[in-house]
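Step one of this worksheet: look at the structure below.
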Amino acid sequence: MDLKEILKEIENLETEKKGFQLDDLDYGEIVSLSINDNIYGLLKVREHIGEVVKVANMWAKALGGGGRVVMVGAGTSGRLAIMEAAEMFPTFGIGRDRVLGFIAGGKNSVFASKEGAEDSIIAGKRLVKRLKLSKKDLLIGLSASGRTPYVKGAIDMAKVLNCPTALISTNPKERVLIKADVNICVNVGSEILPGSTRMKSATVQKVILNTISLLGAVILGRVKRGRMVDLVPTSGKLRARAIKTLVEEFSLEYDEAVKLLEKTGWNLRLAFEIMEGKDADNGRKV
């Protein structure tokens, strides 16, 4: 795309506008400003609760129906997509092939910026074609500006394949070029460092992703008694958490909890079902 066209697209974006003369402020003021700005962005998310609920239901429907959730973004947004996807297996026991995150430019872009990767609409379309997305799946695009070509290409191709789509942006809906089935466009205003959407915009995108997966997991029944009942205890910390969960929820002693988890192959859900069955047999409310 011609640079003049790109300039025209971004010059009126809220996140690109200058807000503060940072170098005229003292250090404490800058720290306070950064914290307050992130809080402001998060409070703006509350204006979009209905849209977040919609996407969470789409998320649950895709995974509950045997489909996949695919998240795509460029730069910081892509890294957030990858990070969110990576957490779904240990947290909710969802297969690593069921929730996927992709970044423009591929794996090499995760640890270092790959200039120009986000500008390829074709790359986004190719990704979706390669994944063979369908109406069973869900594609979530992350683009602070709402114009990222890589994300636009992915969403446009997903629509062709009848795959449900959602977009998470931090600019007003009327200034966003990408059109998904559900657009969550949180108007966070200017960044304290103009155009640096790794700041407040990234915070907002991460919270929205976390909330979608949390609510989606609740809808799918992967949260019981407010606990991560399907967590996969692959580390000492996670095994300790599984033990702690049984001790607190069913008033077990440490050794009893360990014995039960060993009996179930460290399957916390199965341990819950065994204990809830006992509670039911004893006539206690569960």
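The values are calculated or read from the model by the stated rules, or taken from the named source; none is laboratory data. Treat the numbers as computed from the prediction; the structure is a model and nothing was measured. Positions of Cβ are backbone-derived with ideal geometry, glycine not excepted, and every protein chain shown enters the neighbour counts. Calculation scope for accessible area: heavy atoms of the full protein, side chains included, ligands and nucleic acids excluded. Shrake-Rupley method; radii C 1.70, N 1.55, O 1.52, S 1.80 Å.
Please determine, by comparing only the residues of the range 106-121 that are among the aliphatic types (A, V, I, L, M) and within 18 Å of Lys152 (Cβ to Cβ), which one is modelled with the lowest pLDDT.
Step one: list which residues in the range 106-121 are among the aliphatic types (A, V, I, L, M), which gives 110, 112, 117, 121.
Those still in the list that are within 18 Å of Lys152 (Cβ to Cβ) too: 117, 121.
Values: Ala117: 60, Ile121: 93.
Residue satisfying both the conditions and the ranking: Ala117.
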Exercise. Filtering the range 1-26 down to residues that are open to solvent by 90 Å² or more (accessible area, probe 1.4 Å) and of a type in the set (Asp, Glu), which residue is modelled with the highest pLDDT?
Worked result: Asp24
Exercise. Residue check, Thr245 against (1) open to solvent by less than 70 Å² (accessible area, probe 1.4 Å); (2) at negative phi; (3) not in a helix (DSSP H, G or I), all met but one. Which one?
Worked result: (3)
Exercise. Do we have any residue at all in the range 254-275 that's at positive phi, buried (at least 19 other Cβ atoms within 10 Å of the Cβ) and modelled with pLDDT of 95 or more?
Worked result: yes
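Within the range 144-193, which residues are among the polar types (S, T, N, Q), touching a Lys or Arg at 6+ places or on another chain (Cβ under 8 Å) and closer than 20 Å to Ala123 by Cβ? Reasoning before the result, please.
So in the range 144-193, the residues among the polar types (S, T, N, Q) come out as 145, 148, 162, 165, 169-171, 183, 187, 190.
Within this subset, residues satisfying the condition of being touching a Lys or Arg at 6+ places or on another chain (Cβ under 8 Å) are 162, 165, 170, 183, 187, 190.
Listed by number, the list holds a single entry, Thr165.
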Exercise. Can you tell me which residues in the range 168-215 are touching a residue at least 40 places away in the same chain (Cβ under 8 Å), surrounded by fewer than 19 Cβ atoms within 10 Å (Cβ to Cβ), farther than 22 Å from Leu138 by Cα and polar (S, T, N, Q)?
Worked result: Asn187, Ser190
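Counting residues that are farther than 29 Å from Leu231 by Cα and open to solvent by less than 60 Å² (accessible area, probe 1.4 Å), which helices (runs of 4 or more DSSP H) fully inside the range 78-167 reach at least 3?
Details: elements: 108-111, 121-131, 149-160.
Those helices (runs of 4 or more DSSP H) span 121-131, 149-160.
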Exercise. Which residue out of Leu231, Leu261, Leu252 is in contact with a Ser or Thr (Cβ under 9 Å, 6 or more places away or on another chain) and more than 25 Å from Val45 (Cβ to Cβ)?
Worked result: Leu231
Exercise. If you take the residues of the range 27-68 that are acidic (Asp, Glu) and open to solvent by less than 70 Å² (accessible area, probe 1.4 Å), which of them is farthest from Val204 (Cα to Cα)?
Worked result: Glu51
For this session: May I ask you to list pairs of residues, at least six apart or on different chains, whose Cβ atoms are under 7 Å apart, with the first in the range 43-62 being over 12 Å from Ile219 (Cβ atoms) and the second being part of a helix (DSSP H, G or I) and open to solvent by less than 100 Å² (accessible area, probe 1.4 Å)?
Result: Val45/Val204; Val45/Val207; Val45/Ile208; Val52/Ile208; Val52/Thr211; Val52/Ile212
